[in-house]
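The structure under discussion appears below in the form of structure tokens.
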Amino acid sequence: MRIFKALYCHFGERHWWPGDSPFEVVVGAVLTQNTNWGNAEKAIANLKKAKMLDAEKIAKADLRILQKLVRPSGFYRQKAKRLREVARWYLEEKWKFLEDELLRLDLLGINGVGEETADSIMLYALGKPEFVVDAYTRRFCNRHKLCCGKRYSDYKRLFEDNIPNETALFNELHAQIVELGKNYCKKEKPLCEKCPLKWDLEPERLRK
Ligand code: SF4
């Protein structure tokens, strides 16, 4: 929570994830796989322009048309197929009756939906308290040796075991970590001297 507070004071509220509807968030979670958000946004803009950002339309869409629209997000052949699968899943509305654990497993059963995508959908589209682990999260945890394992579930547990399991908190903390990764904890040459976590992540403070 100290890390969260330091980031929140520095960046302010992030209002992440952008999207006009839960389904748009679902689409964004698929399109941002293996690419940056800017490319996913271009594909979302194409879908909007073509009036295709709709679960029923995507579920029935011609694959070649869908591929063309999502091309800016890369891996467009796989992503077009995935989008159709996810749209069909979305239309089944299982989140209305399945327990969170089963719902997450159900999502993971869709071809091409891994843990990060499933948790992004659970948290940001469906409002379920599942912490999202992305490359930014792993990077800052690894640099400070915060996590004992290397699996997705090890990082997820690190957060879920140490902070209150609340959707709004998970949402905001993940968004703060994204800002940290983009602005300070960069892949090459992290800007540690200017980082808002410079003091909070010192080994002595972490032990307290
Ligand atoms: S102090 Fe450096 S390594 Fe740690 S989170 Fe900040 S930028 Fe990353």
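The values are calculated or read from the model by the stated rules, or taken from the named source; none is laboratory data. What you see is a predicted model, and the numbers here were worked out from it, not measured in a lab. Reconstructed Cβ throughout: ideal geometry from the backbone, glycine too, with neighbour counts over all protein chains shown. For the accessible areas, the whole protein counts, side chains as well, though only heavy atoms, and no ligand, DNA or RNA atoms are used. Shrake-Rupley method; radii C 1.70, N 1.55, O 1.52, S 1.80 Å.
Between L63 and N162, the simple label model (points 7 Å from Cα in the Cβ direction) yields a spacing of 4.4 nm. The portion of the accessible surface of the chain made up by carbon and sulfur, rounded to a whole percent, is 50 (1.4 Å probe; DNA, RNA and ligands excluded). Among the trypsin sites (Lys or Arg not before Pro) found in region 34-63, those both in a DSSP coil and sparsely packed, with 10 or fewer other Cβ atoms within 10 Å of their Cβ, are K51. Dividing the summed -39500 (n - 2.57) terms of all DSSP H runs of n ≥ 4 by the residue count of the chain sets its mean residue ellipticity at 222 nm at -16500 deg cm²/dmol. The length gained on full extension between L91 and K187, counted as 0.36 nm times the residue separation minus their Cα-Cα distance, comes to 30.8 nm. Using Cβ point charges alone (K and R +1, D and E -1), the dipole size of the chain about the Cα centre works out to roughly 1020 debye. Taking a sphere under 13 Å around the Cβ of E116 and counting the other residues whose Cβ falls inside, with K and R at +1 and D and E at -1, yields a net charge of 0. Each Cα pair under 8 Å and six or more residues apart adds its sequence gap; the mean of these over the residue count of the chain is a relative contact order of 24 percent. In percent, rounded to a whole number, the relative contact order of region 22-125 is 33, using alpha-carbon pairs under 8 Å and six or more apart. Here F4 and S153 are evaluated by their C-beta separation; at R0 = 22 Å the FRET efficiency comes out at 0.60. In this structure region 12-145 gives 52 Å² per residue of accessible area when probed at 1.4 Å with all protein chains present.
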